[in-house]
Structures are given as structure tokens and as C-alpha cells.
1. Put +1 on the Cβ of every Lys and Arg and -1 on every Asp and Glu Cβ in segment 1-126; which of His33, Leu16, Ser86 then has its Cα farthest towards the positive end of the dipole?
2. Do any trypsin sites (Lys or Arg not before Pro) in segment 1-81 lie in a DSSP loop with no more than 10 other beta carbon atoms within 10 Å, and if so, which?
3. Taking a temperature of 25 °C and a viscosity of 0.890 mPa s, what whole-number D in µm²/s does Stokes-Einstein yield for the chain with Rh from Kirkwood over alpha carbon pairs?
4. Taking segment 29-131, which chymotrypsin sites (Phe, Trp or Tyr not before Pro) meet the DSSP loop condition and have no more than 15 other C-beta atoms within 10 Å?
5. Given R₀ = 25 Å, what would the calculated FRET efficiency be for Asp151 paired with His33, taking r from the Cβ atoms and rounding to 0.05?
6. Excluding same-chain residues fewer than 8 positions from Lys4, which lysines have a Cα within less than 21 Å of its Cα?
7. Within segment 93-169, list the GluC sites (Glu not before Pro) lying in a DSSP loop whose Cβ has at most 11 other Cβ atoms in a 10 Å radius.
8. How large is ³J(HN,Hα), in whole Hz, for each residue of segment 44-59 in order, when computed from phi with the Karplus curve 6.51 cos²θ - 1.76 cosθ + 1.60 and θ = phi - 60°, using x for Gly and Pro?
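Read the figures in this text as sums done on the coordinates, not as results from a lab. This is a predicted model, so every value here is computed, not measured. Here Cβ is always computed from backbone atoms with ideal geometry, including for glycine, and neighbour counts include all displayed protein chains.
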Amino acid sequence: WHGKDNVTWVVVQALLHVKKSFPKLFARIDNHHAFVHDTSFHIAFPAYRKGFTQLSVMRDCHLFSKEQFLSHLQALKHEPASQSDSLSDAHTIISNVGAFGGRFATPLCMPPLLSTFALGRAQPRPHVEGEELCIAHMLPISLCADHRFIDGSEMVAALSLLGQFLTDY
């Protein structure tokens, strides 16, 4: 699918799939350290504007068609974050470090959120399929999670499911 579809759109579809099996990764924590789950899916996207990074929240991503999602994403890139944008209702952050040429990142976990995903630049890389060495576009994804609430094994399993979804897409 690389080069044929928008990477962020495909990753959001993958995260929606992962959320079904690992809802805690996309929960928020309230003031009493209780998990807040809901069926909606709001994503915070960082954008570098005028010398600093602002987070803008795209609400209800699970309801958008691809065209609607891409339109909203384009608007977020060019419009400053609104005063109502708050992490208190987001479910995760997706940072596109690949846009700046980055491959991997060390994303930050920003409470009340429990996870942040950083997408690196997809590039052709050597890859083993079965016993064959081939070249494939590899999309590096870095994940940060709040280890007070998310176990490392949950992160690994979620990344594995994410990778399988992207492979099968």
C-alpha cells in the first residue's frame, strides 16, 4: 500500500484495529488514576508552527471517510490549534517524524494520555520474507506508553498487531 495510499490514514485504520484488542493503550487517566474508556477515537497531531509545536485534536476519526480524514488533516497542518484543543479528550498522539526525515523517535507520553506513536519515514530496506531476502518499504513506528499503567508486554503485543495489520492492508 505504500505509495498508493496516505500513510497517516492507513496507520489510523491500523490503530482503530489495535484499539479493539488493547483499549487500555488508548484510554485516558482521570484525576483519581482511573481509566477513562469510550468508543470514540480522538487523535492529537503535533504541528510545528512559528517556532514551537502545537497539538491539535482531530475528533471522531473513527467516523471519517478517507477523504474527510485527509481534508481534516490538511486543515490541521495550516490552521493554528484552537483554544478548545485539549489532551483531556484525545486518545493518543500521532507524531510524523518522517516528515522531517526522521526514522525513529523517542516520543513523549503526555498525561492524561497513555500512548504516543511516532511515524518515521518509510524507505526501502532489506527485509526477510520466509527465507528470501528482498527490498520492502519499511515504516518505522516508535511507541511510548505510561508504564505506570501500560505493561511492556502489552506494548510489544500491540505493536505486533499493528505491524500485522499494516502488512496485510
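1. Leu16
2. Details: sites: Lys4, Lys19, Lys20, Lys24, Arg28, Arg49, Lys50, Arg59, Lys66, Lys77; in loops: Lys4, Lys50, Arg59.
Of the trypsin sites (Lys or Arg not before Pro), the ones in loops of segment 1-81 whose Cβ has at most 10 other Cβ atoms within 10 Å are Lys4, Lys50.
3. Details: Rh = 16.7 Å.
Calculated translational D: 147 µm²/s.
4. Values: sites: Phe35, Phe41, Tyr48, Phe52, Phe64, Phe69, Phe100, Phe104, Phe117; in loops: Phe41, Phe64, Phe104.
Counting only loop positions with at most 15 other Cβ atoms within 10 Å, the chymotrypsin sites (Phe, Trp or Tyr not before Pro) in segment 29-131 are Phe104.
5. Efficiency, from the Cβ-Cβ distance: 0.95.
6. Lys66
7. Loop-located and lightly packed - Glu131.
8. 8, 10, x, 9, 7, 9, 6, x, 8, 9, 10, 9, 10, 9, 9, 8
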